[in-house]
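The structure appears right after this line, and notes come after that.
Derivation of every value follows stated rules applied to the coordinates shown; laboratory data play no part. This is a predicted model, so every value here is computed, not measured. Glycine also receives a Cβ, built like all others from the backbone with ideal geometry; neighbour counts cover every protein chain displayed.
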């Protein structure tokens, strides 16, 4: 007997009615559940080893939650299912007619909405949002622990309630960076971009502190939910000033908001924010993300398509310290290379001696990079990694079509659109990259730890390709800025070009760009000096 009769038709109806506007096809449903697209297809039509018209028991509720329906409805005859779904759609339509809110959350990194083992943390975020005395919450955990995924899921839950009493929701991510700081992760760009969004008439005018004060006042004027994802590039690493924010304007903004505001500022970071120590009286709160419990880690592996005995899955979870990103990468590798067979985990690099998650990620990536060796997928991943930020598919195409370089772009240079889409799907299925949409274009990204691992391997094992890739990006970025830039957004590609030029061992040319196209035209009075300092720093590294 079919558990969910006419499942394909039911899913198509849910996509059509857009009960969840973010989920319009099997691919976006799979992304929301953090599983592969092929798995969803098997639910609909079955396979040689499984029947169709059935979702696994462990996935029925998550599917229903994403569409804000009751999970029992999926078992109903289609006519009855359609009636209930259309009624729910009408209810949501009435709610959406409430006063509109100003929302900007597209800057957040793309993650699945179905997360495991974080119910306590989700409840805490909701509790702090409903507590007027709490002004700032920091979510602290090592990279790859699921901080961004937690925030995306919480925002999704809030969105179903029309974001409760929030009047404005604004999110910014410093996520697109690894070990190498680049201008987009600077506080300058964030302050100016935010001022413009919040309605400041002259976002580029004034000292850094004046601009930060204006921004704080704009945020505090209404009940605002401000999300700052991945703050650690602006913080001092472990040492004398551990956790302090280097950018004085951003530090001022956070202290102003912590002292008092009508809404809530939520920060995710690897390091506790030192400036919040003075607000431990309840105005500043901390949520620490622990490792996944073994049973939750096992469920994550199963959801990602890994097959095996529960004891074997539990052993794998312990082997990788319950670290979500490590488990995700391992699952992707096993799924695309070994059909999800947990028994072949032993063929991967042993991590029993690894002391930190970053070592784990690099060890896992060694196996990935060996598997990808000689493939176009590896060249694509290297380009995306060294770009160091979320990038549109169109920009990535323009980059690898800019110049045909052996070992760098030669396997991509003449690829047609279908071949590129296949490459992207392969990397996505392996959990190496994420794909989202913004303003009708695909946005590609990969986790900073993955970026660092790919870049480190390339610089150590193929230094000539490391230099050639940075050189390619250096030349390409010079074409991405107008001849006479007028704003931070227009200057930004030039600052990045300078940094890539130095990393390409072309410091003289990079300095010429810095001096002629930046220094002689960059109006230093309208922006903080941090961007300038970052660019200069690379010449001395």
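Data for the structure
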item: Förster-model FRET efficiency, 60 Å R0, residue 402 and residue 339, C-beta, rounded to 0.05; result: 0.95
item: Added length on full extension, which subtracts the Cα-Cα distance from 0.36 nm per residue, residue 487 to residue 540; result: 16.4 nm
item: Approximate shape of the range 373-445 as ellipsoid semi-axes (Cα gyration tensor, √5λ), whole Å, largest first; result: 18, 14, 12
item: Whether the chain is rounded, prolate or oblate, judged on the alpha carbon gyration tensor where a/c under 1.5 counts as rounded; result: oblate
item: Extension gain from residue 367 to residue 165, taking 0.36 nm per residue of separation minus the Cα-Cα distance; result: 67.9 nm
item: Residue 462-residue 120 FRET efficiency (beta carbon distance; Förster radius 41 Å; 0.05 resolution); result: 0.40
item: Residue 102-residue 18 pseudo-label distance in nm [points 7 Å out on the Cα-to-Cβ vector]; result: 2.4 nm
item: Potential lengthening between residue 416 and residue 244 on full extension [0.36 nm per residue; Cα-Cα distance subtracted]; result: 57.2 nm
item: Cα gyration tensor shape for the range 462-541, rounded if a/c is under 1.5, else prolate or oblate; result: prolate
item: Cα-based shape type of the range 396-541, given that a ≥ b ≥ c are square roots of the gyration tensor eigenvalues and the cut on a/c is 1.5; result: prolate
